[in-house]
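The values are calculated or read from the model by the stated rules, or taken from the named source; none is laboratory data. Every value quoted in this text rests on a predicted model; they were computed, and no experiment measured them. Every residue, glycine among them, receives a Cβ derived from its backbone with ideal geometry; neighbour counts consider all protein chains shown. Keep in mind that these areas ignore ligands, DNA and RNA; they rest on the heavy atoms of the full protein, side chains included. Shrake-Rupley method; radii C 1.70, N 1.55, O 1.52, S 1.80 Å.
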Amino acid sequence: MVKRKEKTSMLVFVDVEAAEGPTPFSGKMTEFGAVEFGTRESFHGRVYKTITHPAHAAKFVITGDAEPLASVIRRFSQWLDRFDARPVFVSDNPAFDWQWIAHGFDVAGIDNPFGFSARRIGDLYAGFSGNWKSTNVWKRLRRTVHDHNPVNDAMGNAEAYEEILRRFNQELPHTPDFQTSEE
C-alpha cells in the first residue's frame with residue numbers, strides 16, 4: 001500500500017459574470033474574480049469588455065474583447081499554483097459559477113484543479129442555523145458591497161463565510177486534507 005502525500009486544501013471564493021446566455025453553451029463568461037480565503041489575495045480574469053445592461057444591473061452587454069479565455073484561465077491556473085494547496089471552489093451559486101470556470105479549463109486544455117464539485121455558502125448557513133429554507137440571510141454578512149464586480153463579490157462572500165463561522169463558533173479551515181490511500 002502506497003500512502004499519498006499529505007496536502008493541505010484552500011478555499012477559493014469565485015464569482016462569475018456572463019452575458020448573452022445562461023450557460024457556456026449559449027453565453028459568454030465576461031469576467032470572473034477569485035479570492036483565496038486565508039490570504040485574501042485575489043485574481044481578476046477579464047475575457048470581454050462590457051457595460052452594464054441599462055435595464056438590469058446584473059446583466060452585461062459585451063462591447064469588445066479583453067483577452068482570450070484560454071489565456072485568462074492559464075493565468076488563473078498559475079495563480080492557483082502559487083498557493084501549493086488543493087483548491088476548493090466556494091460560491092454563492094456554484095451551479096452557475098462552477099460551470100463557466102470548468103468550461104474555461106476545458107477550453108484551455110488544463111485539468112480543472114477544483115475537480116467536479118463546489119461548496120455553496122447558503123447551504124452552510126442553512127445547516128448551521130438549523131433552517132433549510134434560510135439560504136439567503138447570510139448575504140447580509142458581507143462587508144464588501146455586492147456590486148457585480150466579480151472580485152468584490154467574491155471578497156464579500158469570503159467575508160460573510162468568515163462571519164458565519166464566527167457566529168456559529170466554528171474553527172477556521174486551516175487543517176490538512178488527507179487524501180485517500182492507494183494499494
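Would you point out which residue out of Thr39, Thr52 is open to solvent by 50 Å² or more (accessible area, probe 1.4 Å) and closer than 22 Å to Phe13 by Cβ? First the steps, then the outcome.
Values: Thr52 fails: closer than 22 Å to Phe13 by Cβ.
It is Thr39.
Any residue in the stretch 76-100 that is over 16 Å from Pro150 (Cβ atoms) and open to solvent by 30 Å² or more (accessible area, probe 1.4 Å) sitting within a Cβ distance under 6 Å of a residue that is polar (S, T, N, Q) and at pLDDT below 95? List the pairs, counting only those 6 or more apart or interchain.
Arg86/Ser9
Working only within the stretch 129-142, note down all residues that are closer than 14 Å to Arg167 by Cβ, in a loop (DSSP other than H, G, I, E, B) and touching a helix residue (DSSP H, G or I) at 6+ places or on another chain (Cβ under 7 Å).
Residues satisfying the conditions are Ser134, Arg142.
In the stretch 142-174, what residues are among the acidic types (Asp, Glu) and more than 30 Å from Ile51 (Cβ to Cβ)? Spell out how you get there, then give the answer.
Step one: filter the stretch 142-174 for residues among the acidic types (Asp, Glu), giving 147, 153, 159, 162-163, 171.
Listed by number, the residues that qualify are Glu162, Glu163, Glu171.
Hey, does the stretch 80-91 have a residue that's within 14 Å of the chain's Cα centre (by Cα) and part of a helix (DSSP H, G or I)?
Yes.
Kindly check whether there is at least one residue in the stretch 56-63 that is among the charged types (D, E, K, R), modelled with pLDDT of 95 or more, assigned to a strand (DSSP E or B) and in contact with a His (Cβ under 7 Å, 6 or more places away or on another chain).
no
Among what's in the stretch 160-171 and is touching a helix residue (DSSP H, G or I) at 6+ places or on another chain (Cβ under 7 Å) and either within 14 Å of Phe43 (Cβ to Cβ) or not β-branched (Val, Ile, Thr) (or both), pick the residue that is surrounded by the most Cβ atoms within 10 Å (Cβ to Cβ).
Restricting attention to the stretch 160-171, the residues satisfying the condition of being touching a helix residue (DSSP H, G or I) at 6+ places or on another chain (Cβ under 7 Å) are 160-161, 163-164, 168.
Those left that are additionally either within 14 Å of Phe43 (Cβ to Cβ) or not β-branched (Val, Ile, Thr) (or both): 160-161, 163, 168.
Details: Ala160: 22, Tyr161: 24, Glu163: 16, Phe168: 12.
Within the stretch 160-171, the match that is surrounded by the most Cβ atoms within 10 Å (Cβ to Cβ) is Tyr161.
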